[in-house]
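The structure appears below as structure tokens.
The values are calculated or read from the model by the stated rules, or taken from the named source; none is laboratory data. What you see is a predicted model; the values in this text were computed from it and never measured. Cβ sites come from the backbone with ideal geometry, for glycine too, and all protein chains shown count toward neighbours.
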Amino acid sequence: MQITENQLGEATRRGLITPDQARALWAFLAEDAPGQEHDTPRFKAAHILYYMGGMIAIGAMTLFMTLGWESFGGGGLLVISLVYAMAALLLTEYLLERKHLALPAGITAVLAVVMVPLAVYGAQNAFGWWSDGSHAGAYRDYHRYIDWRWLMMELATLAAAAVALWRYRLPFLVMPVAVTLWYMSMDLVPMLLGGDGYSFFSDTGRLVSLWFGVAMTLLAFWVDLRTRHTRDFAFWLYLFGVLTFWGALSSMDSGSEFGKLIYCGINVVLIGIGAALSRRVFAVVGGFGLAGYLGHLSYTVFKDSLMFPLALTAIGLGVVGIGIWWQRHEAEIERAMQAWLPGAVRELVEARRR
């Protein structure tokens, strides 16, 4: 729960605290957490602009890199990437030290980190690493194709992100870590098992993504427990872990109606985990998966049934009724459920619900 100045004003009007106490308390909260409003991501115009602008800048030097940049050669790409990274780091320092704006500072810090693979590629290119011409698209293929030779770029990116996290302690810096770990999971398989690689959308690609998603989600939960009293460093790990797991699972062919029922059950479990951990990403993807399964029943299994829409309506209203009952007894239910949880997990749930 976050306290606002309006809430303190309402407490004053109700006689709970005096106006002097309200002013003193608000001054203490503002002094205790300078820039906190800017540090906590919210669905507000300024934060939307932060992330939109940041993702455009980050995408420009990663996903949307054009072939024209290859004309600079390996040495030129190395110099350009280092200049970009240095400028981004200087801007990060300015935003943190002079403006106390942690959210945009996190975005500029990530911009510096994502220049690392381009710098490594430039150095490799300068030493003839890519002279065989195996990738016509060169650096831009780093974000599209699977190749074990990207591993050096990925390891360097992880090292740079670790140093940046140690220096700045900004949660958004976990985002390039999550993406790079996913890339690495894909590139390691052909190196370890042999072969020329595989597609992201092949059976092997889906299987790798699924198990990677499970591993990253468990890592996110561990990070969440370790940082439950500080900033939310687990958010991006949860996001990429759940999305890669759910995306791979949803793209697989279950082969039978029983398999699709199992898929539905997994999505229901995801919704429950989202409610238990106060993590919306679980509930959102679980909701999409559940809706997809109900759509399958409607358009395939019961496409000629008159009763299916009526039964589904009754089920939906029943779920709403359960929600009403849950809300009325929420405190008692939470106490009973939390009694079974380890102390660290209870603290985590309470911290994330504030």
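Within segment 248-259, if we keep just the residues that are part of a helix (DSSP H, G or I) and of a type in the set (A, V, I, L, M, F, W, C), the residue that is farthest from Ser298 (Cα to Cα) turns out to be Ala248.
Every residue, every condition in (1) farther than 13 Å from Ala178 by Cβ; (2) part of a helix (DSSP H, G or I); (3) in contact with a Ser or Thr (Cβ under 9 Å, 6 or more places away or on another chain); (4) not acidic (Asp, Glu), yes or no:
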residue	(1), (2), (3), (4)
Trp222	yes, yes, no, yes
Leu225	yes, yes, no, yes
Arg228	yes, no, no, yes
Trp236	no, yes, no, yes
Trp246	yes, yes, no, yes
Leu261	yes, yes, yes, yes
Gly265	yes, yes, no, yes
Val269	yes, yes, no, yes
Val281	no, yes, no, yes
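Per the listing Arg98, Arg140, the residue uniquely within 14 Å of Ile58 (Cα to Cα) and surrounded by fewer than 23 Cβ atoms within 10 Å (Cβ to Cβ) is Arg140. Starting from segment 311-327, take each residue that is closer than 17 Å to Gly272 by Cα and list its partners that are part of a helix (DSSP H, G or I), counting only C-beta distances under 8 angstrom and pairs at least six apart or across chains. So the pair list comes out as Trp326/Ile333.
How about segment 70-85: which of its residues are farther than 20 Å from Pro176 by Cβ and either at pLDDT 90 or above or not polar (S, T, N, Q) (or both)? Lay out the reasoning, then the answer.
As a first pass, look at segment 70-85 and keep what is farther than 20 Å from Pro176 by Cβ: 70-76, 79.
Listed by number, the residues that qualify are Glu70, Phe72, Gly73, Gly74, Gly75, Gly76, Val79.
Per the listing Val285, Val320, the residue uniquely in a helix (DSSP H, G or I) and touching a Leu at 6+ places or on another chain (Cβ under 7 Å) is Val285. Apart from one condition, Asp32 fits all of (1) surrounded by fewer than 11 Cβ atoms within 10 Å (Cβ to Cβ); (2) acidic (Asp, Glu); (3) at pLDDT 75 or above; the exception is (3).
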